[in-house]
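Data first, discussion second: the structure below is written as structure tokens.
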Amino acid sequence: MFNIILFGPPGSGKGTQSQKLIEKYGWKHLSTGDLLRSEIAQQTPLGLEAKNFIDKGQLVPDEVVIGMISTALETNPGVPGFLFDGFPRTAAQAEALDKLLQLKKTAIAVMLALDVSEEELVKRLLNRGQSSGRSDDTDESIIRSRIEEYETKTKPVADYYNGFNKVVHIKGEGSVEEIFEALCKEIDKRT
Ligand code: ADP
């Protein structure tokens, strides 16, 4: 199995690049943002709880997202690998993920981190908010909170994987194709 984390701040292009990567490599895409939005759409108790956090630009509690990922790993046997998008977002989530993968006798091969400036992020997210219908994309103060959550809680996740020499930084500005090629180059070196 080849498991990869696509890492980066909100609006860095993880979703766009994930779609292209799973098409090329056949991995199972696990986006906690997508899983949470699906729970919200179905108005499940988990979705209703998560919505309170998401609408404030805050992270959803660790237990909630770890539980979702644990279920997703169990319900997708036999895939060639997992692409984690938007997870792990805290050090506790990273440690939990490593344990879950260990139980499956596998591990994270590499974390690819997309680097994008804050001004570009805000611009992209406000732009996305005009068409995505996402309540967390329409208000600049919520977007700033999400970037703040990223800086304080999520960035340390890169330090965690850096300790295992697993992080590669990729420039996340440029054309979608250019960024995709840079990602594929790093993946192909390792497979
Ligand atoms: P983006 O990366 O553009 O912020 P996502 O779709 O990944 O968007 O996530 C949207 C929201 O869902 C986040 O702002 C957060 O509230 C919640 N969320 C997603 N993944 C996680 C996670 N792993 N841990 C905690 N909260 C999460």
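Among the numbered criteria (1) part of a loop (DSSP other than H, G, I, E, B); (2) within 18 Å of the chain's Cα centre (by Cα); (3) not basic (Lys, Arg), which single criterion is violated by residue 43?
Of (1) part of a loop (DSSP other than H, G, I, E, B); (2) within 18 Å of the chain's Cα centre (by Cα); (3) not basic (Lys, Arg), only one is false for residue 43: (2).
Based on this model, can you work out whether residue 53 counts as within 16 Å of the ligand (Cβ to nearest atom), aromatic (Phe, Trp, Tyr) and open to solvent by less than 30 Å² (accessible area, probe 1.4 Å)?
Spelling it out, it is not the case that residue 53 is within 16 Å of the ligand (Cβ to nearest atom), aromatic (Phe, Trp, Tyr) and open to solvent by less than 30 Å² (accessible area, probe 1.4 Å).
Looking at (1) near the ligand (Cβ under 9 Å from one of its atoms); (2) within 12 Å of residue 3 (Cα to Cα), which is the one condition that is false for residue 89?
Answer for residue 89: the failing condition is (2).
Quick one: in the stretch 154-174, of everything that is open to solvent by 40 Å² or more (accessible area, probe 1.4 Å) and in a strand (DSSP E or B), which residue is farthest from residue 62 (Cα to Cα)?
Filtering first and then ranking leaves 171.
Take the residues in the stretch 22-60 that are in contact with an Asp or Glu (Cβ under 9 Å, 6 or more places away or on another chain) and of a type in the set (A, V, I, L, M, F, W, C); name whichever of them is nearest to residue 181 (Cα to Cα).
Out of the qualifying residues, it is 30.
Using the structure shown, decide if residue 191 is modelled with pLDDT under 95 and more than 10 Å from residue 112 (Cβ to Cβ).
Here the answer is yes, as residue 191 does meet what is asked.
Output the number of the condition that residue 129 fails; it satisfies all remaining conditions of (1) under 18 Å from the mean Cα position of the chain (by Cα); (2) surrounded by 18 or more Cβ atoms within 10 Å (Cβ to Cβ).
(1)
Taking the options 71, 90, 138, 75, name whichever one is under 14 Å from the mean Cα position of the chain (by Cα), more than 23 Å from residue 190 (Cβ to Cβ) and hydroxyl-bearing (Ser, Thr, Tyr).
90
If you take the residues of the stretch 110-121 that are within 12 Å of the ligand (Cβ to nearest atom) and out of contact with any Lys or Arg (no Cβ under 7 Å at 6 or more places or on another chain), which of them is most open to solvent (accessible area, probe 1.4 Å)?
116
Can you pull out the residues in the stretch 60-71 that are within 12 Å of the ligand (Cβ to nearest atom) and either closer than 26 Å to residue 20 by Cα or surrounded by fewer than 15 Cβ atoms within 10 Å (Cβ to Cβ) (or both)?
Within the stretch 60-71, 61, 63, 65, 66, 67, 68, 69 qualify.
What residue, among those in the stretch 74-94 that are out of contact with any helix residue (DSSP H, G or I) (no Cβ under 6 Å at 6 or more places or on another chain), touching a residue at least 60 places away in the same chain (Cβ under 8 Å) and open to solvent by 30 Å² or more (accessible area, probe 1.4 Å), is nearest to residue 167 (Cα to Cα)?
So, considering only residues that are out of contact with any helix residue (DSSP H, G or I) (no Cβ under 6 Å at 6 or more places or on another chain), touching a residue at least 60 places away in the same chain (Cβ under 8 Å) and open to solvent by 30 Å² or more (accessible area, probe 1.4 Å), the one nearest to residue 167 (Cα to Cα) is 80.
Of everything in the stretch 17-40, what is within 26 Å of residue 52 (Cα to Cα), more than 7 Å from the ligand (Cβ to nearest atom) and surrounded by fewer than 16 Cβ atoms within 10 Å (Cβ to Cβ)? Give them in sequence order.
38
The values are calculated or read from the model by the stated rules, or taken from the named source; none is laboratory data. Note that the structure is predicted; figures quoted are calculated from it, not measured. In this analysis, Cβ positions are derived from the backbone assuming ideal geometry, glycine residues included, and neighbour counts consider all displayed protein chains. Side chains are part of the model used for accessible areas, which takes the heavy atoms of the whole protein and leaves out ligands, DNA and RNA. Shrake-Rupley method; radii C 1.70, N 1.55, O 1.52, S 1.80 Å.
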